[in-house]
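Worksheet: one structure, shown below.
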Amino acid sequence: MRAAKVRARALKCSWRTQRIGMNQIYCQVNGQTRRLDLLGRVLEMDLPLICQGVLSPQSPSESFRLGLGFVNLFLRGRDSLFDEPLQILRSAKQTVLYYPVYELAGAVPAVPVLQTRLFITEEMLADFALGRIKGLVLLEELHTAAEQIMKESLNRTDKESLGQASSKVSQQLERTVKSNPNRMSWPELRAMCQELGYFPGTKHFNLLTQDSNSHIDHTHTPNEVVAELNRLRNIAKHQGSPDQPWIHWHWECVSAVLEYLVRKLV
């Protein structure tokens, strides 16, 4: 319980407990929806291992399953259709429900290489939210994921649509598309995806990223977010730079764009 509260605070969520009987505890967890998704993901990774480290008459495997059982209570509690007033802690081999933080990897089972990449991206997003990895590491990871998703999207787009879009962008881009979409530069990939409507609309994007509790200005378009991601990543890679504040402020904006792009592959 203590470990769960610490992780909730790190994600700007509140976790309150109240004993309501000899063997009953009431937990109330509040937070922004994405943050609660992250909390579930982090608890699933951490609590089974923490339980193994506690001195107990249980075997390590039993302690591991008990940790999962606690996470299971949290995940079932998040299910709005679950109407039983009392949940019973039990040892579980796996959790009943899972809420992906950003639905990236699960949307591309037909593309194993890309799916493996996006599993890594999901892990890094969870680690970054708790301050376990640096912003520059996430910057590079999100850039790699975005590039691979955009290439896969264009590879799946029929040639007629690519030709119509590229003629509107530039003749040079049209020649590149016809020869090999995989050789397109980042600005070309971004321009083509923008032209094809693969980025979320501005109004929809604002609904995804607005946060009344944040002092950060999110009045930007998805195209601007992806362009800035590439600019800062190039500075970090080729010139070297300290940790970028931008990625700490806008990682959720980038993630929302990637999630929307991935849905185009389904």
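Any residue at all in the range 23-32 that is closer than 30 Å to Ala256 by Cα and among the aromatic types (Phe, Trp, Tyr)? No - not one qualifying residue is present in the range 23-32. Residue-level analysis places Glu152 outside the set of residues that are buried (at least 17 other Cβ atoms within 10 Å of the Cβ), at pLDDT 85 or above and within 13 Å of the chain's Cα centre (by Cα). Just name the residue that is surrounded by the most Cβ atoms within 10 Å (Cβ to Cβ) out of those in the range 86-144 that are polar (S, T, N, Q) and closer than 30 Å to Trp246 by Cα. Among those residues, the one meeting the criterion is Thr121.
The residue that is modelled with the highest pLDDT, among those in the range 168-187 that are among the polar types (S, T, N, Q) and open to solvent by less than 70 Å² (accessible area, probe 1.4 Å), is Ser185.
Between Leu114, Leu118, Leu66, Leu89, the distinction of being in contact (Cβ under 8 Å) with a residue 24 or more places away in the chain and more than 17 Å from the chain's Cα centre (by Cα) belongs to Leu66 only.
For the range 189-218, a residue qualifies if it is at pLDDT 85 or above and either exposed (fewer than 13 other Cβ atoms within 10 Å of the Cβ) or of a type in the set (Ser, Thr, Tyr) (or both), and the qualifying residues are Gly197, Tyr198. Restricting the search to helices (runs of 4 or more DSSP H) fully inside the range 1-105 and requiring at least 2 residues that are in contact with a strand residue (DSSP E or B) (Cβ under 6 Å, 6 or more places away or on another chain) gives 2-10. Candidates are the residues of the range 219-258 that are within 21 Å of Ala105 (Cβ to Cβ) and either polar (S, T, N, Q) or at pLDDT below 90 (or both); the one that is surrounded by the most Cβ atoms within 10 Å (Cβ to Cβ) is Pro222.
The values are calculated or read from the model by the stated rules, or taken from the named source; none is laboratory data. Since the structure is predicted, the reported quantities are computational estimates derived from the model, not experimental observations. Note that each Cβ is placed from the backbone with ideal geometry, even for glycine, and that neighbours are counted across all protein chains shown. Side chains included, ligands, DNA and RNA excluded: accessible areas come from the protein's heavy atoms. Shrake-Rupley method; radii C 1.70, N 1.55, O 1.52, S 1.80 Å.
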